[in-house]
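**Student:** Take this structure first; my questions come after.
The values are calculated or read from the model by the stated rules, or taken from the named source; none is laboratory data. Bear in mind the structure is a predicted one, so any value in this text is a computation, not a measurement. Virtual Cβ from ideal backbone geometry, glycine too; neighbours counted across all protein chains shown. Note: areas computed on protein heavy atoms with side chains; ligands, DNA, RNA excluded. Shrake-Rupley method; radii C 1.70, N 1.55, O 1.52, S 1.80 Å.
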Amino acid sequence: MQRIPDTPFPTFLVETQESANALLADEITALLKERSGRLVLGLATGSSPIGLYAELVRRFEEDRVDLSLVQTFNLDEYRSLPAGHPASYRTFMMEHLFSKTTVGPRHIHLPPTEAEDLDAACAAWEETIRAAGGIDWQLLGVGRNGHIGFNEPGSPFDSRTRRVELAESTRAANARFFDSQDEVPMEAVTMGIGTILDARRLRVLAFGETKAEVLATVLRGEDDSSIPLNALRGHPDAALYIDAAAAARLG
Ligand code: F6R
């Protein structure tokens, strides 16, 4: 692994996705030891975290990590998907991590999507994060347009958990998890950028050529506050891990 010079926040070029996953799994393993298992994790869905979750499951099966006292908060969830829909983020998390480990069902927190008073439910959800002591370690992926969570370009850096409309480019990118793009919901609930920045550590994974353009814009361009990934510039402990394909346009 090599640190890429002159980037606005620490950015590392990894030889393989597996090496980034092992490194992040090592961090989680060390924090679990340090905190006697009482860790608050912020989790992401999508393609980027799949390998890391597989690595955590492997370590769990080998008795190297105990997740029974961990509290988890997911970044986002679609609105208006029937319970148990195969493309919901709840289903994703069950499939890749929760059902394969011992994260307690009462320790799993997904953003509220169906409450009658959604604003109040989002505020209550933020309060649940605070009551848990705040997020120790937050995982992020990056959208092709630079979104983090479902905070699309133009989202204020002090935004909190709320209902959002998805950008068409995001709906197109996520159509691969549905039968067609028409089925991708128009709306979601996401942690705000301000909520994300409150986490003590931010760790971002970006792999593959579809991320190369936005990474070149953020890592080599001006500080443009319309691109959510740029919010990491203001965080004391953020790190981005990218592979060669994602780094291809950095020059
Ligand atoms: C998912 C999330 C999104 C994704 C981003 C990248 O919970 O918050 O911001 O991290 O869209 O998605 P992938 O990893 O599928 O490229």
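**Student:** Put a dot 7 Å past each Cα toward the Cβ at residue 250 and residue 3; how far apart are the dots in nm?
**Tutor:** 1.3
**Student:** I'd like to check one number: the per residue accessible area of region 1-82, probe 1.4 Å, reported in Å² as a whole number. Present the calculation step by step, with values, prior to reporting the outcome.
**Tutor:** Working: 3760 Å² over 82 residues.
Here the per-residue accessible area is 46 Å².
**Student:** While we're here: Per DSSP helix of 4 or more residues, -39500 (n - 2.57); summed, then divided by the residues of the chain. What does that give at 222 nm, rounded to the nearest 500? Could you put the intermediate results ahead of the total?
**Tutor:** Values: 7 runs with 73 residues, N = 251.
Taking each H run of at least 4 residues, the total per residue is -8500 deg cm²/dmol.
**Student:** Also: Between region 212-247 and region 142-174, how far is it from one alpha carbon centroid to the other, in angstrom?
**Tutor:** Region 212-247 and region 142-174 have Cα centres separated by 15 Å.
**Student:** Something else now. Quick one: order 19, 99, 155 from most to least accessible surface, probe 1.4 Å.
**Tutor:** Numbers: 19 50, 99 75, 155 15 Å².
Ranking 19, 99, 155 by accessible area, largest first, yields 99, 19, 155.
**Student:** Right, another one. What is the sum of charges, Lys and Arg at +1 and Asp and Glu at -1, for the other residues whose Cβ falls under 14 Å from the Cβ of residue 213?
**Tutor:** On the way: positive: 144, 211, 220, 249; negative: 209, 224.
My count for the surroundings of residue 213 gives +2.
**Student:** While we're looking at this one, here's another question. In 5 Å bins starting at zero, report the fraction of Cα pairs in the chain per bin as a rounded %.
**Tutor:** Pairs per bin, as whole percents: 1, 6, 14, 19, 20, 18, 13, 7, 2, 0.
**Student:** Could you give the alpha-carbon Rg of region 139-251 over 2.2 N^0.38 Å, rounded to two decimals? Kindly include the intermediate steps, with their values, before the conclusion.
**Tutor:** Details: Rg = 13.9 Å, N = 113, 2.2 N^0.38 = 13.3 Å.
Normalised Rg, Cα atoms only: 1.05.
**Student:** Roughly speaking, to the nearest percent, how much of region 1-42's 1.4 Å accessible area is carbon and sulfur?
**Tutor:** Details: 1120 of 2240 Å².
Result for region 1-42: 50 percent of the exposed heavy-atom area is carbon or sulfur.
**Student:** Which residues make up the longest stretch of the chain clear of GluC sites (Glu not before Pro) that lie in a DSSP loop with no more than 11 other Cβ atoms within 10 Å, not counting the sites?
**Tutor:** Details: sites that count: 15, 62, 116, 222.
Segment 117-221 is the longest.
**Student:** I want the antiparallel fraction of DSSP beta bridges within the chain, as a percent rounded to 5.
**Tutor:** 35
**Student:** Considering amide H positions built from the backbone, and no H for Pro or chain starts, which residues 5 or more places from residue 12, or on another chain, come under 5 Å of its amide H?
**Tutor:** 4, 240, 241, 242
**Student:** Once the piece of chain linking residue 209 and residue 102 is laid out straight, how much longer is it, given 0.36 nm per residue of separation minus the C-alpha distance between them?
**Tutor:** Working: separation 107, 0.36 × 107 = 38.52 nm, distance 3.48 nm.
The span from residue 209 to residue 102 would gain 35.0 nm if fully extended.
**Student:** For residue 224 and residue 131, what is the calculated FRET efficiency with R₀ set at 45 Å and r taken between the beta-carbons, to the nearest 0.05?
**Tutor:** It comes out at approximately 0.80.
**Student:** In whole percent, what relative contact order does the chain give with Cα contacts below 8 Å and a gap of six or more residues? Show your work: numbers first, answer last.
**Tutor:** Numbers: 478 pairs, mean separation 58.6, N = 251.
Dividing the mean separation by the residue count of the chain yields 23 percent.
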